[in-house]
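Here the structure is laid out as structure tokens; the discussion comes afterwards.
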Amino acid sequence: MWAFIHKLGSPKWFYGISAKLQPWFWAAAALLIVTGSLWGLAFAPADYQQGNSFRIIYVHVPAAFLAQSIFIAMAVSGLVFMVWKIKVADMAAAVMAPLGAAMTFVALFSGAVWGVPTWGTWWMWDARLTSMLILLFLYLGVIALRGAFTSRDSASRAASVLAMVGVINIPIIKYSVDWWYTLHQPASFTLTSRPAMPTEMWLPLVIMVLGFYSFFIALTLMRTRSEILRREANKRWVQDLVNGQVEEAR
Amino acid sequence: MHSSSQSSETNQQVLAVPLREHKGGLMTAVKATLMRDLTLMLRRRGEVLNPLVFFALVITLFPIAISPDPELLAVIAPGLLWVAALLAALLSLDSLFRSDYDDGSLEQLLLAPQPLVALSLAKVAVHWLLTGLPLALMAPILGIILALPAGSYAVLALSLALGTASLSLIGAIGAALTVGLARGGVLLSLLVLPLYIPVLIFGAGAVQAAILGDGVSAHLAILGALLAASLMLAPWAIAASLRISING
């Protein structure tokens, strides 16, 4: 077990193993997202209250899931980096941050678009929308902090600390926003409670969520590989690799 | 444990001149840090007064921008007072570690044999004593000019006193992370403001509840819980962040 972790910590080993894993995740992502979208958009029955507009759920919910999971993954990577000084963990955290911010933005944007037919407005100070907006700011803070340092090591450690502080605060923020919202809840705009989703509606949703996760893993592997090459550019094995590929191209 | 470390220290003294001596324990160092920061801050009166003037100025802007109507102001006063106090506390954060960083005394704090966690907690305590507490005491006066309904003044001061302590602790993490950066000011607010939201919700909520005549103890209890949690966790993050800023 420990040997495995130490191996995983070596950028060279990670570069090799991720090359083998990557295609599987890309394939799974493509298959699941195509299946889920086709099923969700074309074959799932329309909602009896919201009609076809409910189909935004097939983008909105997976994006919202990812937005929260990526922050946790980022904080865990930060912890691993701080405790065991495993550089690959920090590289992964660095490439996850923009992706997480993008997913948060997608969740917010799709929520706003969904708001037009259901609430009649682009933005509502709904509890979930508000905590998503705060999550977006947390992501932007982590990205900005990492960019502000000139020394890469300080940037990595500062971003790790901030990600961990953020992840402790996310549940606190979430519950306080929920409390705040129940105190201020405007009566006229609530989503009327819907019956539990029928199977043919939520099954494509599950497929989409799995597809989004596969996409996230595949993209993180790919971008971590580029990050490894960039940071380890002066290492012998990277130079050998590049020279080998240049020879092949000739 | 302590005696063994002392004896090894004396052994070293025989061999070479020690870099530092273990004079006094944790409490002495904490007290020294408290006294030093208090003295320094009280000699720079401007830094203590500026957040208060800023607080008063921002509160003056709102009636001018929105409406001088007392009824309207009374409705929004709790939120305005809390947001303005939060921003004033935020403005004062940048100077928390800045001058110590510039003159090198922060490095001495890191090198001290006493744990940095305790010493940074002492620094934050002084910061709260000279910004958070004055802001809390001043808020009722500004409440009068915003036509804050009677019966909520004590709750306003109490919620601000409790809340700004959490704000100082959370904000110090951001200040410690950005102290090594040349222009950390805007970045500091970007990092810290999202983390301030729970305190803002329950702080403004307490004043709102006092106006409506609801019980305020739930809000104040949660503010206290937030303070307890940040007292417990924030000093570790502050110490780690200071180490990153100094060594990096």
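Could you please tell me the mean projected area of the C-alpha convex hull for segment B:72-137, averaged over all directions and given in square nanometres to one decimal?
Details: hull surface 20.7 nm².
Over every viewing direction, the Cα hull of segment B:72-137 projects on average to 5.2 nm².
Compute, for segment B:25-247, the length of the dipole vector about the Cα centre, with Cβ point charges of +1 (Lys, Arg) and -1 (Asp, Glu) only. Units Debye, rounded to 20.
460
Which FRET efficiency, nearest 0.05, do B:Leu61 and B:Ala229 yield, Cβ-Cβ r, R0 41 Å?
0.80
Suppose each label sits 7 Å from its Cα in the direction of the beta carbon; what would the A:Lys85-B:Asp103 distance come out to in nanometres?
For A:Lys85 paired with B:Asp103, the spin-label model returns 3.5 nm.
Just tell me which aspartates and glutamates come within less than 15 Å, Cα to Cα, of A:Lys174; anything on the same chain fewer than 8 places away is out.
Result set, ordered by chain and number: A:Asp126.
Where in chain A are the DSSP H helices whose C-alpha atoms run 27 Å or more along the long axis and whose mean Kyte hydropathy is at least 0.5?
Result, helices passing both filters: A:11-38, A:57-84, A:87-119, A:127-148, A:199-231.
How large, in percent, is the carbon and sulfur part of the accessible surface of segment B:25-247 at a probe radius of 1.4 Å?
73
Can you give the FRET efficiency for B:Ala154 and A:Gln239, using 1/(1 + (r/R0)^6), R0 = 56 Å, r = Cβ-Cβ distance, to the nearest 0.05?
0.20
Measure nothing fancy, just the Cα-based angle from helix B:185-212's long axis to the longest principal axis of chain B, in degrees from 0 to 90, nearest 10.
50
Taking the Cα atoms of chain A alone, what are Rg (to one decimal) and Dmax (as a whole number) in Å?
21.0, 70
Determine the shielding of peptide A:157-163 by partner chains: average, over its residues, the number of Cβ atoms on other chains within 10 angstrom of each Cβ.
6
Just to be sure I understand: if you take the accessible area of chain A alone plus chain B alone and subtract the pair, with a 1.4 Å probe, what total do you get in Å², rounded to 100?
So the buried area, both faces added, is about 2100 Å².
With label points built 7 Å along Cα→Cβ from the Cα atoms of B:Leu212 and B:Trp236, find their separation and express it in nm.
So the two model labels end up 3.6 nm from each other.
Probe of 1.4 angstrom, ligands and nucleic acids ignored: what's the accessible area per residue over segment A:23-105, in square angstrom?
45
Taking +1 at the Cβ of each Lys and Arg and -1 at the Cβ of each Asp and Glu, which of B:Ile222, A:Leu205, A:Met222 sits farthest along the dipole of the protein assembly as shown towards its positive end, judged by Cα position relative to the Cα centre?
So the residue we want is A:Met222.
If we restrict to alpha carbons, what Rg and Dmax does the protein assembly as shown come to, in Å?
Spelled out, the Cα radius of gyration and Dmax of the protein assembly as shown are 26.6, 87 Å.
What number, rounded to the nearest 500 deg cm²/dmol, is the helix-based mean residue ellipticity at 222 nm of chain B, given -39500 (n - 2.57) per DSSP H run of at least four residues and division by all its residues?
-28000 deg cm²/dmol
Can you tell me the equivalent ellipsoid semi-axes for chain B? Use √(5λ) from the Cα gyration tensor, largest first, whole Å.
Computed over chain B, the values are 40, 18, 15 Å.
What distance in nm separates the simple spin-label points at A:Leu21 and B:Val117, each placed 7 Å from Cα in the Cβ direction?
Here the modelled spin labels are 3.3 nm apart.
Within 10 Å of each Cβ of A:127-140, how many other protein chain Cβ atoms are there on average?
Mean shielding count: 2.
What percent do you get for the relative contact order of chain B when only Cα pairs under 8 Å and 6+ apart count?
23
Which distance in Å, rounded to a whole number, links the C-alpha centroids of segment B:141-158 and segment B:194-218?
Cα centroid to Cα centroid, the span is 14 Å.
Can you give the average number of partner chain beta-carbon atoms within 10 Å of each beta-carbon in peptide A:169-177, as a whole number?
5
Size of the dipole of the protein assembly as shown about the Cα centre, Lys and Arg at +1 and Asp and Glu at -1 on the beta carbon, nothing else charged, in debye to 20?
1200
The values are calculated or read from the model by the stated rules, or taken from the named source; none is laboratory data. Quantities reported herein were computed from a predicted structural model and do not represent experimental measurements. Please note: Cβ atoms are built from the backbone with ideal geometry, for glycine as well, and neighbour counts cover all protein chains shown. Note: areas computed on protein heavy atoms with side chains; ligands, DNA, RNA excluded. Shrake-Rupley method; radii C 1.70, N 1.55, O 1.52, S 1.80 Å.
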